[in-house]
Every structure is written in C-alpha cells, then in structure tokens.
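Since the structure comes first, as structure tokens, the remarks are kept for the end.
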Amino acid sequence: MKKSLFTTLYICLLGLTGQALASDLVIYSGRSDKFVKPVVEAFTKQTGIKVTLHTGSSTALLNKLKLEAARTDADVYISNDAGNLQKGSELNLFLPLDDGMVNAIPKNYRAADNSWVGLSARARVLVVNKNDTTVQSIKSVFDLADPKLAGKIGITHSSNESYIAGATVYMRARGEQAVKEWLQGMKKNAGGSVFNKHSKIVRAVADGKKSVGLVNHYYIYRHLAKKPNAPIKVVLPDQGKDGMGVAWNVAGAAVTKHAKHKDAANKLIAFMVSEEGQKIFAQVNREYPTRPGVPAAEQVPLASSYSVADVPMSDLGKYRNATLDLIESVGMP
C-alpha cells in the first residue's frame with residue numbers, strides 16, 4: 001500500500017505523447033496533458049522551441065528520473081504535487097533556478113534553494129449536495145469522520161497525491177493523533193468505497209449518490225461550467241479563529257540535473273512563472289496563480305477571502321513519509 005518513491009515503477013510507460021527529437025525540449029510531466037499543453041503551446045508559439053511531453057504519475061516519473069541519472073532525456077520535471085518536488089530536491093535531481101527568474105513567486109511556494117518553483121495552486125475544499133439537509137452544517141474536513149456521515153462521503157484512494165498532501169498539511173497543523181482519528185473515521189464512513197478521480201466525486205455528489213466530498217477546488221468549477229444548475233456548492237473548510245485554514249498544494253517545475261537543453265528548460269520555466277504563463281494556468285485550469293498580482297479565474301473565490309493553513313509547501317515533501325506511514329497504519333483503502 002505504501003507509495004514510497006522507489007517502489008512505483010508502473011510508469012504507464014508513460015502514456016508517452018510522442019517520440020522526442022534530439023532538438024526537442026523534453027518534459028517529464030506528472031500532470032494531465034490538458035493542464036500543461038495550453039502553456040506549452042503558448043511557449044512554443046512565442047519561442048519556436050519544440051516540446052515533447054512524457055506524461056505519467058508524478059511519483060513514477062521521479063523514480064524514472066532517479067534511475068536514469070545522466071542517461072535521462074528529461075530536461076524539465078513537472079509535478080502535480082509539492083511533495084514530489086521537494087523529494088526530488090532532497091535527492092539532488094534538480095538544478096537551482098536563477099533567483100531573478102523565480103523571485104516573483106513567494107518563498108512558501110518554492111524550494112528554499114530554488115531547485116523547484118510552484119506554478120499553480122489548488123485548494124482542498126468540500127463539495128456539498130445542496131439538497132441534503134444533513135450536511136449543510138459541515139464546516140471542517142474533520143467533520144467527514146462524523147459517524148452520521150456513514151456512506152455519505154466521497155474520497156479518493158489514499159495513494160492520490162492530493163490526498164497525501166492534504167493529510168500532511170492537516171498533520172502539520174493539527175498533529176498526528178488528530179489526523180489518525182480522522183482517517184479512522186473516514187475509513188468507516190467510506191466503507192471501502194473510494195474514487196479514483198476527483199471529478200467522479202463531484203459527479204457523485206451532484207447526482208445525490210454521495211452527500212459531501214473532499215476534492216481540489218477546480219473540479220467543482222469545471223463541473224458547474226458544464227452543468228450550472230447542478231445542486232452542489234463549495235464549502236471552504238476550517239475557517240474562523242479556531243480553524244486551521246484550507247490546505248493548499250502547488251503544481252511546480254524543476255530543471256533536471258542532467259538536462260541536455262538547460263537554456264531552453266530555463267526559458268520554459270521563466271515563461272510559466274511570467275504573467276502570461278500564469279494567466280494561462282488561471283483561465284484554462286481555474287487554478288490559483290502562484291505569482292502575486294495575477295488574478296485567478298473569476299469563478300473561484302479570491303485567495304485573500306479565506307484563510308489558508310500556514311504550512312510551507314516544502315513540508316509536503318519533508319513529512320511525506322510520515323504521512324504515508326500514518327495512512328498505512330490505519331489501512332486506508
């Protein structure tokens with residue numbers, strides 16, 4: 001069950017999106033193509049630099065990068081999770097990024113040594129069915145462990161990167177025992193029924209098959225864009241003076257240690273953290289730009305309108321193994 005960095009060699013091999021030419025900039029991307037292609041295509045249009053995307057699991061691709069070492073074709077590594085980025089940094093798999101390139105991104109959203117930088121942020125929120133009166137008072141993610149919600153909650157399987165990252169934030173904010181009890185309660189309430197995608201959770205809540213789910217915010221807004229009359233609402237959990245705040249995570253990028261196209265790789269990351277690149281993440285993906293001053297899509301709540309848990313993104317890597325140990329000890333599906 002434990003998803004350690006070096007046991008996950010199911011690279012999907014790799015859902016490769018094409019064969020790279022020697023002149024192409026190669027990205028190992030742990031994000032779905034739909035999240036990455038718009039900004040990559042804009043970069044190619046602006047610079048003429050061709051890009052080949054190799055897409056797979058963030059963890060599996062990091063394993064691959066480590067095992068390939070100097071033989072790798074990868075110039076850039078993109079992860080959907082700060083935890084994997086920090087692990088890659090600790091394993092010395094990345095080159096430091098120039099200060100001038102990443103200084104516009106707050107320190108909380110990049111590595112202390114600038115070996116990786118966050119590109120876009122997501123919030124862990126609750127999607128609630130507006131027709132079920134029994135769940136309208138939910139205010140915290142920890143409410144999902146309430147026995148009254150048996151059979152009513154939608155959660156992903158515990159190897160989902162956002163699940164792991166969220167649990168890490170909660171553990172840093174509330175302590176191991178509180179999170180252990182939360183996991184045990186959710187395990188009972190889920191009854192072994194978990195989802196492999198956030199979008200399926202949102203759909204199940206909208207269809208009344210579940211009453212509440214824990215998801216990344218943008219999946220809800222994508223569903224509402226297609227079905228604006230769906231009976232669902234977003235609950236920003238753990239607010240108020242006693243609340244720990246919403247858990248955030250960032251997708252980010254790094255230049256690989258053995259990149260064969262270092263200049264092009266740095267140009268790509270500079271583009272992705274520029275105002276133009278950040279606007280693409282905001283408008284196309286409905287994610288939060290990590291660059292201050294670039295607005296999120298108008299549909300999503302202003303980041304300044306709610307409190308966010310005070311946990312550095314680098315902690316998602318530093319404490320990842322402790323989170324995995326806790327998840328495994330509970331036996332989460």
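The values are calculated or read from the model by the stated rules, or taken from the named source; none is laboratory data. Bear in mind the structure is a predicted one, so any value in this text is a computation, not a measurement. Ideal geometry is used to build each Cβ from the backbone, glycine not excepted, and the neighbour counts take in all protein chains shown.
I need a count of the residues in the range 236-264 that are more than 27 Å from VAL39 (Cβ to Cβ) and crowded, with 20+ Cβ neighbours inside 10 Å.
Total satisfying the criteria: 3.
Could you say which residue among GLY48, GLY30 is over 23 Å from GLY83 (Cβ atoms) and at pLDDT 95 or above?
Values: GLY30 fails: over 23 Å from GLY83 (Cβ atoms).
Exactly one residue qualifies, and that residue is GLY48.
Only one of these is of a type outside the set (Val, Ile, Thr), within 15 Å of ARG122 (Cα to Cα) and at pLDDT 95 or above: GLY245, GLY331, GLY277. Name it.
Numbers: GLY331 fails: within 15 Å of ARG122 (Cα to Cα); GLY277 fails: within 15 Å of ARG122 (Cα to Cα).
When all the criteria are applied, what remains is GLY245.
Which residues, taken from the range 225-239, are touching a residue at least 60 places away in the same chain (Cβ under 8 Å) and either outside any strand (DSSP E or B) or over 19 Å from LYS210 (Cα atoms) (or both)?
Pass one, the range 225-239, residues touching a residue at least 60 places away in the same chain (Cβ under 8 Å): 225, 231-239.
Within the range 225-239, ALA225, PRO231, LEU236, PRO237, ASP238, GLN239 qualify.
Checking GLN239 against (1) in contact with a strand residue (DSSP E or B) (Cβ under 6 Å, 6 or more places away or on another chain); (2) in the same structural domain as ASN216 (by TED's automatic domain parsing), only one condition comes out false. Which one?
Failed condition: (1).
Please specify each residue of the range 110-122 satisfying the condition of being among the hydroxyl-bearing types (Ser, Thr, Tyr) and either surrounded by fewer than 24 Cβ atoms within 10 Å (Cβ to Cβ) or out of contact with any helix residue (DSSP H, G or I) (no Cβ under 9 Å at 6 or more places or on another chain) (or both).
The initial filter retains those residues of the range 110-122 that are among the hydroxyl-bearing types (Ser, Thr, Tyr), namely 115, 120.
Result: SER115, single match.
Just one of THR55, THR72 is touching a Gly at 6+ places or on another chain (Cβ under 7 Å) and more than 20 Å from LEU316 (Cα to Cα); which is it? Full working, then the answer.
On the way: THR72 fails: touching a Gly at 6+ places or on another chain (Cβ under 7 Å).
Among THR55, THR72, only THR55 is touching a Gly at 6+ places or on another chain (Cβ under 7 Å) and more than 20 Å from LEU316 (Cα to Cα).
Show the residue pairs that are 6+ apart or on different chains and have beta-carbon atoms under 6 Å apart, the first residue being within the range 105-129 and at positive phi, the second being surrounded by 21 or more Cβ atoms within 10 Å (Cβ to Cβ) and part of a loop (DSSP other than H, G, I, E, B).
Sorted first by the residue in the range 105-129, then by its partner, the pairs are ASN114/LEU97.
Is it the case, given these coordinates, that THR59 is in contact (Cβ under 8 Å) with a residue 24 or more places away in the chain, in contact with a strand residue (DSSP E or B) (Cβ under 9 Å, 6 or more places away or on another chain) and of a type in the set (Val, Ile, Thr)? Explain how you work it out, then say what you get.
On the way: in contact (Cβ under 8 Å) with a residue 24 or more places away in the chain: yes; in contact with a strand residue (DSSP E or B) (Cβ under 9 Å, 6 or more places away or on another chain): yes; of a type in the set (Val, Ile, Thr): yes.
Yes: the conditions hold for THR59.
Within the range 119-152, take every residue that is in a helix (DSSP H, G or I) and under 22 Å from the mean Cα position of the chain (by Cα) and give me the one that is nearest to ASN108 (Cα to Cα). Show your work before the answer.
Taking the range 119-152 and keeping what is in a helix (DSSP H, G or I), we get 133-135, 141-145, 147-149.
If we keep only those that are under 22 Å from the mean Cα position of the chain (by Cα) too, we end up with 141-142, 144.
Details: VAL141: 23, PHE142: 25, LEU144: 28 Å.
Here the answer is VAL141.
Being assigned to a loop (DSSP other than H, G, I, E, B), among the hydroxyl-bearing types (Ser, Thr, Tyr) and farther than 13 Å from GLN184 by Cβ is the filter here; which residues of the range 153-162 pass it?
As a first pass, look at the range 153-162 and keep what is assigned to a loop (DSSP other than H, G, I, E, B): 155, 157-160.
Retained after the next criterion (residues that are among the hydroxyl-bearing types (Ser, Thr, Tyr)): 158-159.
If the condition is that a residue be assigned to a loop (DSSP other than H, G, I, E, B), among the hydroxyl-bearing types (Ser, Thr, Tyr) and farther than 13 Å from GLN184 by Cβ, then SER159 is the only one that fits.
Report, by residue number, each residue of the range 184-221 that is crowded, with 18+ Cβ neighbours inside 10 Å and part of a loop (DSSP other than H, G, I, E, B).
VAL194, LYS210, SER211
Residue by residue, here is whether (1) under 19 Å from the mean Cα position of the chain (by Cα); (2) surrounded by fewer than 16 Cβ atoms within 10 Å (Cβ to Cβ); (3) β-branched (Val, Ile, Thr) holds:
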| position | (1), (2), (3) |
| --- | --- |
| ILE280 | yes, no, yes |
| PRO289 | yes, no, no |
| VAL294 | no, no, yes |
| LEU302 | yes, yes, no |
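Of all helices (runs of 4 or more DSSP H) completely enclosed by the range 248-333, which ones contain at least 1 residues that are farther than 29 Å from ASP99 by Cβ? Spell out how you get there, then give the answer.
Working: elements: 262-272, 275-285, 315-318, 320-330.
Counting at least 1 such residues, we get 320-330.
Name the residue, out of GLY191, GLY151, that is at positive phi and modelled with pLDDT of 95 or more. Even if it seems obvious, please write down each step before you answer.
Values: GLY191 fails: modelled with pLDDT of 95 or more.
Criteria check complete, one pass: GLY151.
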